[in-house]
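Inspection log for the structure reproduced underneath, given as structure tokens.
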């Protein structure tokens, strides 16, 4: 298979390396010329994932035209706030119809659209099939071949089966699903909850608080997902509970690290100014909070994270407000 991987951050790099190891022809697009130069010269990406190693089959480019004409299968791994712009530029160079697999985890701020919706809106009849690749997968651990599993979700059974077979190997197992909405919401919302989990650690609170946040965070994830049409089994699966557990407890989580720093008193501006990588949960918190208001859904953890990130609320006040809400049934 020929695959154009669009986005060379840590996750895009790990997926390109996986496809390369599986024997496919891969072109990896990066925005930064220095990343492309490093990949071409050293067969690695020292900027975002130093341990990754590519074969000489893999090509790297800064040209979206080259990526668009390389393959009719696009694996999109750009930040959610750049997704629309990048796929729009790709469309200008497409020689024919394409299949899109999104490994982007987020919800667009302005439109509140998921990547499946943006892909259909921008590409129109050029889009023949869409899939979402999501699950509990840190890029660094995938790159070092630690066994893990993820999901390829698509309404197109042929695409789901083809990607499942193409990217599964002895250390990476792909399950198939038709629940694209559930996979997208799970992959997006877990980043919001990871910021909350990090805040809990940064403040110095313990395991009790973390366990409560994880459980009620899963409840919010499910509430939003099912309001949009997701299935309950997806919420409780790899792209829901699985990814939530990983991102909220794993030290490699960018969103969790950001939360830790917020809990320790650093400002959001200072934290974001110190890294090149994107913590998707920051923007997704705004989108999720807006979606909850639009749909009339109560999502208190999400709302408090919005206040911390965008209204200068202190983390301790946010936690206190969550603890003193009116009492109710656990199923409410």
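Every number in this text was worked out from the coordinates using simple rules, so none of it is lab data. No experiment lies behind these values; they were computed from the predicted model shown. Positions of Cβ are backbone-derived with ideal geometry, glycine not excepted, and every protein chain shown enters the neighbour counts.
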Compute the relative contact order of the chain as a whole-number percentage, counting only Cα pairs closer than 8 Å that sit 6 or more residues apart in sequence. 14
Which one of 106, 135, 237 has the biggest mean-square fluctuation once the chain is modelled by GNM with Cα springs under 10 Å? 237
Calculate how steeply helix 80-91 sits against the longest principal axis of the alpha-carbon atoms of the chain, using the helix alpha-carbon long axis, and give the answer as 0 to 90 degrees to the nearest 10. 20
Sort 61-69, 79-87 for me by packing, meaning the mean count of neighbouring Cβ atoms within 10 Å per residue, highest on top. 79-87, 61-69
Calculate I(q)/I(0) for the chain by the Debye formula, one identical point scatterer on each C-alpha and no solvent, and give its log10 at q = 0.07, 0.09, 0.11, 0.12 Å⁻¹ to two decimals. -0.27, -0.44, -0.67, -0.80
What's the angle, to the nearest 10 degrees (0 to 90), between helix 207-227's Cα axis and the longest principal axis of the chain? 60
Crossing angle, helix 180-203 versus the chain [Cα axis fit, 0-90 degrees, rounded to tens]: 50
With a ≥ b ≥ c from the Cα gyration tensor eigenvalues, square-rooted, and the rule rounded for a/c under 1.5, otherwise prolate when a/b > b/c and oblate otherwise, segment 81-199 is oblate
Hey, got the Cα dimensions of segment 181-323 along the principal axes, in Å, largest first? 38, 32, 29
Simple SL model, points at 7 angstrom along Cα→Cβ for residue 215 and residue 155; separation in nm is 3.7
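For a protection proxy built on the mean count of beta-carbon atoms within 10 angstrom, sort 242-250, 180-188 highest first, please.
180-188, 242-250
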